[in-house]
Amino acid sequence: MTVLLSLVLALAVSAPPTLSDIEDEVVCPTCQVTLDQSNAPIAERMRAFIRDRIAAGDSKEEIKAELVRQFGPRVLAVPERRGFDLLAWLLPIGGAVLAAGAVGVLAWRWSRAPRGDPGPLAPELERRLDEELARFDG
Amino acid sequence: MAARLKLGAQALAVGLVVALLALLVWKLVNDEGSAIPSALARGERPVAPAFTLPRLDEEGTLSLADLRGKAVVINFWASWCVPCKEEAPVLEAAWREHRDEGLVVLGVDFNDLRSDALAFMREVGMTYPVVYDRDGALVADYGATAVPETFFVNREGRLVGKRIAGAINSREQFERDFEDGIQLALGS
């Protein structure tokens, strides 16, 4: 079973990429949508370039790296997980963790807030309350 | 303690909003690229944004500063752009005719595959210098919106004349605007 699983994984890793593996991760630079959604002339040329590179035996990462070399990082549909672009991944996660922490702290404080007997009223307030109630009763 | 915490959180939130507004204002004020086409349309002569970009026609880089004292025609193009192919012979002819007077035609290729750009240059017989604006920074600085677009820089490094943009509707009009721009850039 383990051997079979290893074989399947090895085949998956070594399998050449297809155009559809890459075109939804690369942006057409003139229309700002992924290649699979664009019919712009440059998108057509980029698809032809990717097909040529696949035929030449390049891996998906090699093809994307070459496109970045030619068009810059803006060609990637999602930011890279390194350098300054790493912030695009870390900030949402950090924000979610902070928000969850804030909700947790607030929920904890609300759950521990004192309830039930609020204790005796101040004498002055008690006197005024008695007067008001007596007026209603009267 | 709770009141101080609340006050601190409110101050932080207000501070963040103010910082974001300041960033927005800074971006709007410093976004000079888009100001160039409107300045040219008003007949002004804004300073041409400086650049240093890698060359496509040979090894190395080329800066606008390298061309100081020369009149420069800056033409943004891409190999997949049909009108770029139509106007390329006019640009080449201008370069050959006026280069001895101190005119440089400079092609700026962008949003293009390098191999396609080199094939295009060979096909149209382009002999003037060409740089590659990989990140589109120069396109943004000049306020160019599409290809082809052409700007004229005079010997003092100022943009002059009309910005010629888009497909050629009338070849005579295009050649007239183009020649007017060249003469303004040359200062004659």
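See the values below:
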quantity	calculated
Every residue from the range B:68-94 that is surrounded by fewer than 20 Cβ atoms within 10 Å (Cβ to Cβ) and not β-branched (V, I, T)	B:R68, B:G69, B:K70, B:P83, B:K85, B:E86, B:P89, B:E92, B:A93
Output for the range B:124-140, where each listed residue is out of contact with any helix residue (DSSP H, G or I) (no Cβ under 8 Å at 6 or more places or on another chain) and assigned to a helix (DSSP H, G or I)	B:A137, B:L138, B:V139, B:A140
Among the candidates B:D135, B:D141, residue that is within 14 Å of chain A (Cβ to nearest Cβ) and closer than 30 Å to A:V33 by Cβ	B:D135
Pairs with Cβ under 9 Å, 6+ apart, first in the range A:39-58 and at the interface with chain B (Cβ under 8 Å from one of its Cβ atoms), second basic (K, R)	none
When residues of the range A:62-80 are limited to those that are away from chain B (no Cβ under 12 Å) and not in a helix (DSSP H, G or I), the one most open to solvent (accessible area, probe 1.4 Å)	A:V78
Residue within the range B:96-108 that is closer than 20 Å to A:R45 by Cβ and touching a residue at least 12 places away in the same chain (Cβ under 8 Å) present	yes
Selected residue (criterion: farthest from the other protein chains (Cβ to nearest Cβ)) from residues of the range B:53-73 that are under 11 Å from B:V130 (Cβ atoms) and in contact with a Gly (Cβ under 9 Å, 6 or more places away or on another chain)	B:D57
Condition check for A:L86: open to solvent by 50 Å² or more (accessible area, probe 1.4 Å), of a type in the set (A, V, I, L, M, F, W, C), within 14 Å of chain B (Cβ to nearest Cβ) and farther than 30 Å from B:A117 by Cβ	no
The range B:1-12 - residue that is under 18 Å from A:G95 (Cα atoms) and at pLDDT below 85 and, of those, least open to solvent (accessible area, probe 1.4 Å)	B:A9
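The values are calculated or read from the model by the stated rules, or taken from the named source; none is laboratory data. Here the structure is a predicted model, which means the values were calculated and not measured. FYI the Cβ positions are ideal-geometry reconstructions off the backbone, even for glycines, and counts take in every protein chain you see. All accessible areas refer to the heavy atoms of the entire protein, side chains included, with ligands and DNA or RNA removed. Shrake-Rupley method; radii C 1.70, N 1.55, O 1.52, S 1.80 Å.
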